[in-house]
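> Let me give you the structure first, and then I'll get to my questions.
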Amino acid sequence: MVGRCLQVDSYVWKLKLRLIVVAGITGAYGILPEASQEGMLHPYKSYADVTLFHYNVPPEVTRATWEFAAFMDNPKCPVKDVHIYIQHGSYPVMSPDNSSFPSSVYTGRTSLHYITTKSAYQPHDATIFPMYNPLPGNWFVAAYISHWDQHVQQEGLGHKCHYSLGSVALWSQVMGIPVVSPGVPKTVVTIDNASYYKIFIPAGTWHFTVKISHCEFRVNSVTAFNNGSDTMPYCIQSLALRARALPTYNPRNGIGNLTMDSEFTFTETEPFTDGYYYLLVVSESQVSFNLAVTTTECSVQALGRSFAKQLAQMTESLTQSVTVRHSNNTVKSDWASTILFANSSKVHDLGKLTGTNIPRSRSEDGEDLDAINDPCLPTFQLARIKHAQDFADTFLLQGREWYATWVALTDLYPVIVQLEILPFVDIGGTLNINIHLDELLINATCQLLTVTACIRKGRVPSRNNGDIDCPPELMLNISSEGLATVDATKLVPYPEPDMWFIAFQAKCIYNSSVVPCLVQEVMVSLDIRTQPCVFAGEPCGLKGICQETHKGLHFFTSCTCLGGYKGWGCTDGSKATPESLLLLTTLLLTLSNVFFLPAVLLALRRHLLTEALVYLATMVFSTFYHACDQDFYTYCVTKYEVLQFCDFFCSILAFWVTLIAIAGIPPRAASTLHMVGVLIIAVGVEYNRTGLLVFIIPFGLGVVIPVAAWSIRCCRQRACIHLQRSLVLLLLPGILLAAIGLILFAFIETEANYQYVHSAWHIVIALSLVFLLPRKCSKQQNGACQGSNESELFDVNDYYSASPVFVVTSDLDNLLTTQS
């Protein structure tokens, strides 16, 4: 295996050199990432089986190139398809078996790519995946091979094929991009045909504009040509603006063809904040132009008790109490008094108090339409409450002095809350967003009260004439129609790290028309948290087990589905095993151990108490182990590891004591050998209970014992032992059954037929003990164990008749007499 690793490493370095040469030819400036990565590939049964790679792409990269090569450790191994997913920010969310996702799960990803390759013993061609202008930061690669029905065999029994994947990546980066500060107009000069400029947009920016104007040629020949020509040439051929990464030049979709007298303005109404925007200017000659960036900011609110007191005084004439009783007769804390809405004038006063630009109603005089259609909306930061468990953080509304879970809404304008998902810390779980309408509002008025919530990553949800514009997959809807409609949940598996925004909008409907709400406020409870696997309470439902996986720096949770169920949350039962068949397989694996009873009873009848005890223990522990090892109908009397150890230990020990019984050695020597076997088998099973040596060593030593005993007797008798015909008829079925069990175990048993073949293995092995077990043992003068002529494995009558037998006739005289 060491030689194989060296071969893979050398190939990876060849990939590196090849990429360096390519970068040198194209003139790109390349940066090698961290050391090349290689990982073992496994068949996909759950997300815990995927191989994960991590790359950190630097900013301002024009091209990222990944190269993958899949290996197998033996040329006789079958060629497998390797599936590779590349995802920015978080672990890829995928469905390799085409299973369905739960209805409340959102599977959209910012940048997810899928490629395939094939394994080879000595791959000569690798799979190259180029990506232009990728987003900077963390990139994750998840790879696996398709699942197939593998043989269930002991470790070391035959060659088990191993597959691995090696990867190398290279970046081409643009250096020295000029920075343009918002609010400071400047004249810039292009330095290349494609020139980049970056603009930092701070947090809290509501919208911004980028204006390009007064373009002029800087080359004298072009200027002279323009002065003598009637046609106006294009000063700038193309413009492009993109957040967080370099824009791609696309003459078909980009903005371009700007003359010296023209100008263009980019307007971002829903910008990504706390990061850079990149401007691409394409020109055929060196030009200069004016670049101006203007921003509009909105502050994120953190409400405290002082604000609540001021607001309570402002609305004292319209409200009788600053607290609201909840449906469970508890007070919703001071948060209910922070935002109370009565009419448009009071709402405008609230905007002044919070520092936000909340518009008056449209009937009021003198308001600018743009300010009305897109004002600053109240935005509140959710605070993270850290818990001891992994993926168990909660997010609460944050005030200066307290926290709350309730948000007060009005039908006059939306309200926005925001929370931050951290890289590596949160991406291995599920983001659970649940909203709940106050049940007191059900049938409170003749109006139907509806609340719409829109989730968006990175920036504020879109707005259209004051209303939230949201795609259906990111929308949550609750209403006062009944108890079934007051709750809604959205689950985001492996959420991408960023600032997440949730916009709420309340409306009242009467006679199928939107009307002003009769209620002063709409109270909505927020339950936003990270959680392991998928669902709250039962992380994988009733058909799966939630598993935590650590792979180096990667830590994530995933569902392992049971009983043929599949899917991200084990909710897809299209190929589920019927419960009747599950019960049948459980009964087969457990009740097939009853076939050990004949061996137990026969050993007791022949006074082989040690053998009977071991057979009984084998039957009991095998039954309880397989009862605990089932997907459903599971019953565990103790820990699974304890039952597994006892099952493997007693199974091997049963063959050990049977071989010692066949040898017919003296009881004192047999007792010693029993203890030797117990020690050897216990250590081997604890060291590696699925390894081949734990079976080979006891069986090898056990076979030596009867062979040695028979050989010694042959030497003493000076003749080979002749087996009686009746004994041969008993011995051959036992050996034949044991051979059948070995064939079933080594060559026929697979993951698909395990329940049936392993049950048959129980039966044939238990029956083989009946034929191999020696007959009733009687102690002879020499201390050996002798049975009747029909029960011995060989005929020793001649031996006893030809040899002298010494009998102690008197303990006092210490005399020995010889009987001929």
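The values are calculated or read from the model by the stated rules, or taken from the named source; none is laboratory data. Remember, it's a predicted structure, so these values are computed and weren't measured experimentally. We place every Cβ from the backbone using ideal geometry, glycine too, and count neighbours over all the protein chains shown. Surface accessibility is based on the protein's heavy atoms, side chains included, excluding ligands, DNA and RNA. Shrake-Rupley method; radii C 1.70, N 1.55, O 1.52, S 1.80 Å.
> I'd like to verify a number: residues in the stretch 564-583 that are assigned to a loop (DSSP other than H, G, I, E, B) and over 17 Å from the mean Cα position of the chain (by Cα), how many?
7
> Also, quick follow-up: Restrict the check to the stretch 134-147 and report whether at least one residue is modelled with pLDDT under 90, open to solvent by 10 Å² or more (accessible area, probe 1.4 Å) and either touching a Cys at 6+ places or on another chain (Cβ under 9 Å) or assigned to a loop (DSSP other than H, G, I, E, B) (or both).
yes
> Can you pull out the residues in the stretch 244-267 that are modelled with pLDDT of 90 or more and within 26 Å of residue 216 (Cβ to Cβ)?
Passing the criteria: 246, 247, 263, 264, 265, 266, 267.
> Given the residues 506, 488, 444, 484, which is the only one that is surrounded by 23 or more Cβ atoms within 10 Å (Cβ to Cβ) and of a type in the set (A, V, I, L, M, F, W, C)?
One residue alone meets the criteria, 506.
> Which numbered condition trips up residue 437, out of (1) under 28 Å from residue 375 (Cβ atoms); (2) in contact with an Asp or Glu (Cβ under 7 Å, 6 or more places away or on another chain); (3) not β-branched (Val, Ile, Thr)?
Only one criterion in (1) under 28 Å from residue 375 (Cβ atoms); (2) in contact with an Asp or Glu (Cβ under 7 Å, 6 or more places away or on another chain); (3) not β-branched (Val, Ile, Thr) is unmet by residue 437, namely (2).
> A further question follows. At pLDDT 90 or above, among the basic types (Lys, Arg), open to solvent by less than 40 Å² (accessible area, probe 1.4 Å) and assigned to a strand (DSSP E or B), is that true of residue 211?
No: the conditions fail for residue 211.
> Oh, and also: Tell me which residues, restricted to the stretch 577-596, are open to solvent by 20 Å² or more (accessible area, probe 1.4 Å) and either touching an Asp or Glu at 6+ places or on another chain (Cβ under 6 Å) or in contact (Cβ under 8 Å) with a residue 60 or more places away in the chain (or both).
588, 595
> Any residue that is of a type in the set (D, E, K, R), touching a residue at least 40 places away in the same chain (Cβ under 8 Å) and surrounded by fewer than 19 Cβ atoms within 10 Å (Cβ to Cβ) - is there at least one of those in the stretch 564-572?
Checking the stretch 564-572: not a single residue is of a type in the set (D, E, K, R), touching a residue at least 40 places away in the same chain (Cβ under 8 Å) and surrounded by fewer than 19 Cβ atoms within 10 Å (Cβ to Cβ).
> From the residues in the stretch 664-689 that are touching a strand residue (DSSP E or B) at 6+ places or on another chain (Cβ under 9 Å) and open to solvent by less than 60 Å² (accessible area, probe 1.4 Å), which one is nearest to residue 613 (Cα to Cα)?
The qualifying residue nearest to residue 613 (Cα to Cα) is 670.
> Taking the conditions exactly as written (closer than 21 Å to residue 518 by Cα, touching a residue at least 12 places away in the same chain (Cβ under 8 Å) and not in a loop (DSSP other than H, G, I, E, B)), does residue 433 satisfy them or not?
No.
> Then there is this: Within the stretch 62-82, track down each residue that is open to solvent by 30 Å² or more (accessible area, probe 1.4 Å) and either among the small types (Gly, Ala, Ser) or farther than 21 Å from residue 133 by Cβ (or both).
73, 74, 75, 76, 78, 79, 80, 81 - these are the residues of the stretch 62-82 that are open to solvent by 30 Å² or more (accessible area, probe 1.4 Å) and either among the small types (Gly, Ala, Ser) or farther than 21 Å from residue 133 by Cβ (or both).
> Which number in (1) under 37 Å from the mean Cα position of the chain (by Cα); (2) surrounded by 17 or more Cβ atoms within 10 Å (Cβ to Cβ) marks the one condition that residue 411 misses?
So residue 411 meets the others, but not (1).
> Turning to a different aspect of this structure: Among (1) under 18 Å from residue 767 (Cα atoms); (2) of a type outside the set (Val, Ile, Thr); (3) modelled with pLDDT under 90, which single condition is residue 619 missing?
So the condition that residue 619 fails would be (3).
Rundown of residues vs (1) basic (Lys, Arg); (2) out of contact with any Phe, Trp or Tyr (no Cβ under 9 Å at 6 or more places or on another chain); (3) modelled with pLDDT under 80, yes/no style:
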{"residue": "694", "(1), (2), (3)": "no, no, yes"}
{"residue": "700", "(1), (2), (3)": "no, yes, no"}
{"residue": "706", "(1), (2), (3)": "no, yes, no"}
{"residue": "709", "(1), (2), (3)": "no, yes, no"}
{"residue": "713", "(1), (2), (3)": "yes, no, yes"}
{"residue": "718", "(1), (2), (3)": "yes, yes, yes"}
{"residue": "730", "(1), (2), (3)": "no, no, yes"}
{"residue": "734", "(1), (2), (3)": "no, no, no"}
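> Another question, if that's okay. Which of the strands (runs of 3 or more DSSP E) contained wholly in the stretch 459-551 include at least 3 residues that are more than 24 Å from residue 270 (Cα to Cα)?
Here the list reads 487-493, 498-510, 513-515, 522-531, 544-551.
> Looking for whichever is open to solvent by 30 Å² or more (accessible area, probe 1.4 Å), within 22 Å of residue 427 (Cα to Cα) and in contact with a Pro (Cβ under 6 Å, 6 or more places away or on another chain) here; the options are 59, 96. Which one fits?
59
> Go through the stretch 543-563 and report how many residues are buried (at least 23 other Cβ atoms within 10 Å of the Cβ) and over 12 Å from the mean Cα position of the chain (by Cα).
Residues meeting the conditions: 2.
> Would you mind telling me which numbered condition in (1) under 18 Å from residue 62 (Cβ atoms); (2) open to solvent by 50 Å² or more (accessible area, probe 1.4 Å); (3) touching a Leu at 6+ places or on another chain (Cβ under 9 Å); (4) modelled with pLDDT of 90 or more residue 281 fails?
That leaves (2) as the condition not met.
> Looking at the stretch 106-131, which of the residues that are part of a loop (DSSP other than H, G, I, E, B) and crowded, with 17+ Cβ neighbours inside 10 Å is modelled with the highest pLDDT?
Only one residue fits best here, namely 106.
> Checking residue 604 against (1) open to solvent by 70 Å² or more (accessible area, probe 1.4 Å); (2) not in a helix (DSSP H, G or I), which single condition isn't satisfied?
(2)
> Which condition from (1) open to solvent by 80 Å² or more (accessible area, probe 1.4 Å); (2) hydrophobic (A, V, I, L, M, F, W, C); (3) free of Cβ contacts under 8 Å to residues at least 60 places away in the same chain is the one that residue 708 breaks?
For residue 708, the exception is condition (1).
> Looking at the stretch 386-406, is at least one residue open to solvent by 60 Å² or more (accessible area, probe 1.4 Å), more than 33 Å from the chain's Cα centre (by Cα) and among the acidic types (Asp, Glu)?
Yes, the conditions are met somewhere in the stretch 386-406.
> So which residues in the stretch 175-208 are among the aliphatic types (A, V, I, L, M) and in a strand (DSSP E or B)?
Scanning the stretch 175-208 gives 179, 180, 188, 189, 194, 199, 201.
> While we're looking at this one, here's another question. Checking residue 179 against (1) touching a residue at least 60 places away in the same chain (Cβ under 8 Å); (2) among the β-branched types (Val, Ile, Thr); (3) open to solvent by 60 Å² or more (accessible area, probe 1.4 Å): exactly one of these is not met. Which one?
Just one mismatch for residue 179, condition (1).
> Somewhere in the stretch 66-73, is a residue part of a loop (DSSP other than H, G, I, E, B) and closer than 29 Å to residue 430 by Cα?
Checking the stretch 66-73: not a single residue is part of a loop (DSSP other than H, G, I, E, B) and closer than 29 Å to residue 430 by Cα.
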